[in-house]
Structure formats: structure tokens, C-alpha cells
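Novice: One structure follows; several queries about it will come next.
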Amino acid sequence: MTNAKKAKQQRAQGTRKPAQRKSAGGATGLWIGIGVVAVVLVVAAVLLSGGGDSSGGDGGQPSPDGSVTIAANTGQLLQAGEAIPEFSAPALTGGGTVSWKDYVGKPTILAVWAPWCPHCQAELPRLSAAVAGRPNIQLVTVATSLTPGEPPSPLQYMTDNGLSFPVAVDDANTTIMKGLGVTSFPTTYYVDSSGNVVQSTSGEVDAAQLEQILSALQ
């Protein structure tokens, strides 16, 4: 090969090398861009699913151990004339606490429910509508027997049904449920202004029966 041909080949090779380097650099940049997009999509999915919210009911998660208390645990369903024991648990929304002591002094409906229970799903909107026209009667509930990941979560159920009453989120040991002696859902206590049970029901209550109970409670 003549010197002229060698020089021509070297010049051709020299012109190809920058293009190869540019192509390699472009591929690296493309993969970096794909990685960034993937991270953004993952973060967005977590936030949209509620994964960024630490509320006790998010995703059906029970409250942390040690965050739920109840003054008594007889294991027996409370009867008429008995007092609701003081209990406290993280609130489903707002990051606060639901404490029974805050509701003593006015007639109150205390409903214990599980979000997966179809009878609870039917009962709670009925209770909410019943107290809407009775400002002297309060409604507070306890979400319990929670199964993480099983829809609907308490928060999802409340949101889907436009409900906004206070919800105490029980722990994995169902501390409040056991303390109140609840064995079926929904269990609802109708409590007078002194904090004593006037009547309790298990299962759904139809509109006529509910009207009768609340009329006697006022």
C-alpha cells in the first residue's frame, strides 16, 4: 500500500471516531432520560394511590401498636345502662386523635364497622343522613378488623360515599372492638348525654327502626 493510500485511510478513520463517540454518548443520555422518566412515574403512582399519606386508614392499614387504648376490656357486649369506656385511637383523617371523652355530654351514636362489610357499607350513609337533621345528636365511628390492601380502605369508602364523620382507626389487635365486646358488624351503640348505652344493635337497621331509636334518644 502506498503512503498516499495509507494517509487517505487514516484520514477516513479519523473522521469516523468522533461520530462513534457521539453515538455512544447519545445512547447514554437516552438511558439516563428513560431512567428519570421511570422514577417520576413511580413517584406519581405512589402519591396518586395514597402511598404518600401516613393516615392510619390509608390502604386499609390498622393503627400502629401502642397508639390505641381503651379503659376497660370485659369482652362482653355492652348492655343498656352501661357506660362506654374511654377509648382513644388515631383519626382516619387530619392526623389527630379520636377520644370518646370528647363526645360525652351529648347524645351520641357510636358505630363499630369494617370497611369490607357490605352491611356496614349500607348502614353508615343511613346513620349519617339521620343525624344530619338532628344537630343535638353526634355520630362517631370505629373502623376495625382491617385487612391491609383489601378494598375498600376506610378512607376510600368514606371518600366514595361523601362521608365526613369522625373515624377512629383500630389497631391490628382490634383493641377497641374487643374492649366493646363487638363480635359482628356493624354494631351500633346509642348513647345518652351521660355516656351510658340506651340501646345497641347488631346488623343493619332500617330507616323506620332508626327513626324510632333516635326519637327516643333525643
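Novice: Packing-wise, with mean Cβ within 10 Å as the measure, how do 87-100, 192-205, 106-119 rank, highest first? Before the final figure, lay out the partial values.
Specialist: On the way: 87-100: 18.4, 192-205: 16.0, 106-119: 20.3.
Answer by packing, highest mean first, reads 106-119, 87-100, 192-205.
Novice: Can you list the HN-Hα couplings for segment 110-118, worked out from phi with the Karplus curve (6.51, -1.76, 1.60; θ = phi - 60°), rounded to whole Hz and with x for Gly and Pro?
Specialist: 10, 10, 10, 9, 10, x, 7, 7, x
Novice: Here is a further query. Going by Cα centres, segment 122-196 and segment 60-82 are how many Å apart?
Specialist: A separation of 13 Å, based on Cα centres.
Since every read-out is calculated from the coordinates, none of them should be taken as a lab result. Everything numeric here is computed off the predicted structure, so don't read it as measured data. As a convention, Cβ positions derive from the backbone with ideal geometry for all residues, glycine included, and neighbour counts pool all protein chains shown.
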